[in-house]
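The values are calculated or read from the model by the stated rules, or taken from the named source; none is laboratory data. Since we're looking at a predicted model, the values are computed, not measured. Positions of Cβ are backbone-derived with ideal geometry, glycine not excepted, and every protein chain shown enters the neighbour counts.
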């Protein structure tokens, strides 16, 4: 296992893996606290349900039939529970495991405990078989840096601690190697971190798929730009599609599927974004303490004076559609974010005109809300006494204010074959305004996505394969649920089916690879009845089909829809007609995440989504090019002719005019949604899916706190527990031969001969020595497969065995120490005895006359010998003296010799000098005599 | 968006019907209901010489001021050990009739009562041998090189099983660790079994 080492990286790695040993439970198997091991084995620890902690630890005292006596570990209180309530605890070696599928006791309590332990240690990612579970840390963890990206590059999933990068890397590698399209499915509650993780995936892919620096220069530059734009797409989408909610300061109010296309070499060549179910009602109304989409506040806070004037902007509290006025988001500056959004749009290639036009429409959406109608005194008709807001609106949208007013107050409606002017009530006018505002915003959002796609789509290079990232809300189960929840739950039902099916395929493959005969059940089929209940078109028609049908029916209401549904589907096993009185749920559907109560109020309206088509066609003909483009498709909207002037049932009743509308003229929301979902599922089915489950730990946005019941609910809803349940049907625990032998050989002494033996054979011998029921295990090609819980059993036996040996060894050690101490004592004793004997003897002796005489005489005896001794000593002294004199003499002589020697040397030197001088002189004499001779000769 | 399932998932327990039977319930840590120690059932098999030797040892343990030939319950274990046995604490407690902790230093035991206890303990076969101990300690040999970290061994002896005191562990391990703080457990076991 290769783990990067060295200073800073190591520090960061601390955030990724659970401490000392390398991450995987296999290699850290022997690193466990001996003490906790002892605890677990001796106390027989289990999990029991707890109001406060979800589950708490307890130890079994006694088991009586179906009842179990336990003592709670924390408070030492004794409790009696039924056997089903008690869940077995995993041995300590499984503490903080990275893959919960490795847990041998697979139960809710253990899963929760493991997630919680890891979360408290800052380990937010955990695998659960195919799933990667992530718990929102609510703080910044240093685990998303480029160096971490580098650490995950090219690594297999099991080589590194769990991380979204590991998932991304696996998807990327598998796409390149197997040429198979990939998808990463992020689901979870709002605030669980779907969008953040989606961004991390894109960040990772943008990093690894563009850093191949081999291409030509021009190409690189372009690739860099594309990746930059890809990264900018999210901030823009977030500005327009995200909002602050009670749970989440940056909650995505739409689902999205981002498809990143790669070429054969693995470069990013383009991307495409598809969005689902924008919560457009947020544009006109928000719950307490919630905000509408960020862009509204960004515009109001960040726009320059000039822009403010151009767009006729007011303050946040001047708009009726901003229910709470201006609500700041802690830690965020709307005006700074505005600049960033504008920058992102510039990078994305939006022109200044495009940006301005978008902002204009934003201002217009706000302005819609300020138009108010009053009821005429004499009749029901609505009027608009003050048209300032309408004027502003029409200015912004480039339409004529008189035409607009007429279209709102007295639209032309087709009755039979003729058009008539039909005066609207105040309610109808209000409804129309709101519908128009919502539709305008939705169209703007759609345009934005389309525009981003245009920027990200590079046609010049052919994409070879893609990685799709789905970021969509998970199951929503409120007290009462509406049409939106039905859509999202329907989606999740389909996604879960995809997961179950994938798991089935993969398990099947693993069993085949290991040569194990096992009929796995395709649990994907389990979900089909519920899906049929929702989407089946006929025989009998499902919920969506019936809803559509009802929309075309004269005098139909939400009530008649519920009645029809109950009549058609009353016997469906997943359907329950509510017997409660009106006001409570109308019907319930058993989704796989649980029973969901639906209330059918406004479903017909929501499904048809009617619009004032008079205004729509005005907008279509707007003098502002941008606005008219937004409204270019007006033929398919549900117009006013489908909406009656209904006297009886509220602002909008359907078909009251008795008009038979041709089916298929336009599309209902349900139809459109079903279509886009079908398309999405078709795409996903052709990919290799990777599953990310995001978990929100608490509803207070607090770091380090994990509310157990909240998390358990989510685990139930998002299929983690279901996945585990399915896992349990097979042989979920798998151990490579080598590790199996190493760990459990102690249980089968003498089963394996000391000579070499291959892993499979050794494991088989061990298993037969363990006398396991054949149904509890299978031996594959490289691993032993076990049923859930078998390993815990082995682990327990191993612990008992070890503890037993340790106790025996401790006894031997105690014996050793005791005997050593005893031996010492014995020695001390015998020493004591010797001393005692002596003392005793002395006591007797000291009064014995002879002894007394002896003691008196003894000193005298020594006197007689003194002379002899003196003589001896004197002789010695004499000898020493002689020796000394000799030595002194010798020393003296030595000194003398040395002095003479020196004198001799001095004289010798002098002699030599004299000889030298003599020679010199004789030479001088010679020369002189020669000179004399010469001189004399000359003379 | 509160997720509040109204009911726990109904199918949770329904499907695993096909599930295999869970592994057999774990064996009890102690074999259930072993008969209590009955001194009357013990026949002494010691020779007169042996008994004399034991008596001598017993006097060594006798700390009564007047030499009543009695030892405290707490001394019983070490008394047996001094006479060459290796009982576990649990075994000692059992022959003493499971006294309460505070009785250990107050209750006294005379030689005649002690003898059958010693006889019982010495008949216990399961005292562990060299191979067992080496195999047991091998579990803690992380490197697989025949040594254990001294600190780890200390920890094991002081926290697992019948925990030993720090002082006991210190005396036991004096001079056993090498320069790296490691202990060759084979020779360690040999050393212990030699004494």
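Would you say residue A:472 is in contact with a helix residue (DSSP H, G or I) (Cβ under 7 Å, 6 or more places away or on another chain) and within 14 Å of chain B (Cβ to nearest Cβ)? Don't jump to the end; show me each part of the working.
Numbers: in contact with a helix residue (DSSP H, G or I) (Cβ under 7 Å, 6 or more places away or on another chain): yes; within 14 Å of chain B (Cβ to nearest Cβ): yes.
Yes, satisfied.
Once the stretch B:87-108 is narrowed to residues that are within 14 Å of another protein chain (Cβ to nearest Cβ) and free of Cβ contacts under 8 Å to residues at least 40 places away in the same chain, the residue that is nearest to residue A:821 (Cα to Cα) is B:87.
Of all positions in the stretch B:63-73, none carries a residue that is surrounded by 14 or more Cβ atoms within 10 Å (Cβ to Cβ), facing chain A (nearest Cβ under 9 Å) and more than 25 Å from residue B:43 (Cβ to Cβ).
Restrict the check to the stretch A:457-476 and report whether at least one residue is within 30 Å of residue A:192 (Cβ to Cβ) and assigned to a helix (DSSP H, G or I). Break it down stepwise before answering.
Filtering the stretch A:457-476 down to residues within 30 Å of residue A:192 (Cβ to Cβ) leaves A:465-476.
Still in the list and also assigned to a helix (DSSP H, G or I): none.
There is no residue in the stretch A:457-476 that is within 30 Å of residue A:192 (Cβ to Cβ) and assigned to a helix (DSSP H, G or I).
For the stretch A:532-546, how many residues meet the condition of being without any contact (Cβ under 8 Å) to a residue 60 or more places away in the chain and in a helix (DSSP H, G or I)? Show your work before the answer.
To start, the set of residues in the stretch A:532-546 that are without any contact (Cβ under 8 Å) to a residue 60 or more places away in the chain comprises A:532-534, A:536-543, A:545-546.
With in a helix (DSSP H, G or I) added as a condition, the list becomes A:532-534, A:543, A:545-546.
Looking only at that region, the number is 6.
Pick out, from the stretch A:318-420, the helices (runs of 4 or more DSSP H) lying fully within it that include 3 or more residues that are at negative phi and more than 51 Å from the chain's Cα centre (by Cα). Fully inside the stretch A:318-420 and qualifying: A:401-409. All conditions but one from (1) more than 30 Å from residue B:56 (Cβ to Cβ); (2) at pLDDT below 90; (3) at the interface with chain A (Cβ under 8 Å from one of its Cβ atoms) apply to residue B:175; the one that does not is (3). Residue count for the stretch A:284-313 satisfying the condition of being in a loop (DSSP other than H, G, I, E, B) and surrounded by 15 or more Cβ atoms within 10 Å (Cβ to Cβ): 10. Note on the stretch A:695-800: enclosed helices (runs of 4 or more DSSP H) holding 2 or more residues that are facing chain B (nearest Cβ under 10 Å) and closer than 20 Å to residue A:474 by Cβ are A:708-717, A:720-729. Scanning the stretch A:577-594 for residues that are at pLDDT below 85 and within 14 Å of chain B (Cβ to nearest Cβ) returns A:578, A:580, A:584, A:585, A:592, A:593, A:594. Looking for something assigned to a helix (DSSP H, G or I), within 14 Å of chain B (Cβ to nearest Cβ), buried (at least 16 other Cβ atoms within 10 Å of the Cβ) and under 30 Å from the mean Cα position of the chain (by Cα) - is there at least one such residue anywhere in the stretch A:509-521? Taking every residue of the stretch A:509-521 in turn, none turns out to be assigned to a helix (DSSP H, G or I), within 14 Å of chain B (Cβ to nearest Cβ), buried (at least 16 other Cβ atoms within 10 Å of the Cβ) and under 30 Å from the mean Cα position of the chain (by Cα). Restricting to the stretch A:121-166, what's the tally of residues that are free of Cβ contacts under 8 Å to residues at least 24 places away in the same chain and assigned to a strand (DSSP E or B)? Number of matching residues: 0. Only a single item in (1) within 21 Å of residue A:826 (Cβ to Cβ); (2) modelled with pLDDT of 90 or more; (3) facing chain A (nearest Cβ under 10 Å) is not met by residue B:84, and it is number (2).
The rows are residues; the columns are (1) assigned to a helix (DSSP H, G or I); (2) closer than 30 Å to residue B:54 by Cβ; (3) at pLDDT 90 or above.
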{"residue": "A:814", "(1), (2), (3)": "yes, yes, yes"}
{"residue": "A:819", "(1), (2), (3)": "yes, yes, yes"}
{"residue": "A:843", "(1), (2), (3)": "yes, no, no"}
{"residue": "A:872", "(1), (2), (3)": "yes, no, yes"}
{"residue": "A:876", "(1), (2), (3)": "yes, no, yes"}
{"residue": "A:883", "(1), (2), (3)": "yes, no, yes"}
{"residue": "A:894", "(1), (2), (3)": "yes, no, yes"}
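The single condition among (1) in a helix (DSSP H, G or I); (2) in contact (Cβ under 8 Å) with a residue 24 or more places away in the chain; (3) touching a strand residue (DSSP E or B) at 6+ places or on another chain (Cβ under 8 Å); (4) within 30 Å of residue A:667 (Cα to Cα) that residue A:566 does not satisfy is (2). Being within 14 Å of chain A (Cβ to nearest Cβ), crowded, with 19+ Cβ neighbours inside 10 Å and in contact with a helix residue (DSSP H, G or I) (Cβ under 6 Å, 6 or more places away or on another chain), is that true of even one residue in the stretch B:109-125? Yes, the conditions are met somewhere in the stretch B:109-125. Look at (1) more than 28 Å from residue B:61 (Cα to Cα); (2) in contact with a helix residue (DSSP H, G or I) (Cβ under 7 Å, 6 or more places away or on another chain) and you find that residue A:843 fails only one, number (2).
Every test in (1) outside any helix (DSSP H, G or I); (2) within 10 Å of another protein chain (Cβ to nearest Cβ); (3) within 18 Å of the chain's Cα centre (by Cα) is passed by residue B:141 save one, and that test is (3). Scanning for something touching a helix residue (DSSP H, G or I) at 6+ places or on another chain (Cβ under 8 Å) and within 30 Å of residue B:163 (Cβ to Cβ), does the stretch A:823-840 turn up at least one residue? Checked the stretch A:823-840: at least one residue is touching a helix residue (DSSP H, G or I) at 6+ places or on another chain (Cβ under 8 Å) and within 30 Å of residue B:163 (Cβ to Cβ). Could you run through the stretch B:148-168 and say how many residues are within 20 Å of residue B:135 (Cα to Cα) and either more than 7 Å from chain A (Cβ to nearest Cβ) or assigned to a helix (DSSP H, G or I) (or both)? Looking only at that region, the number is 13.
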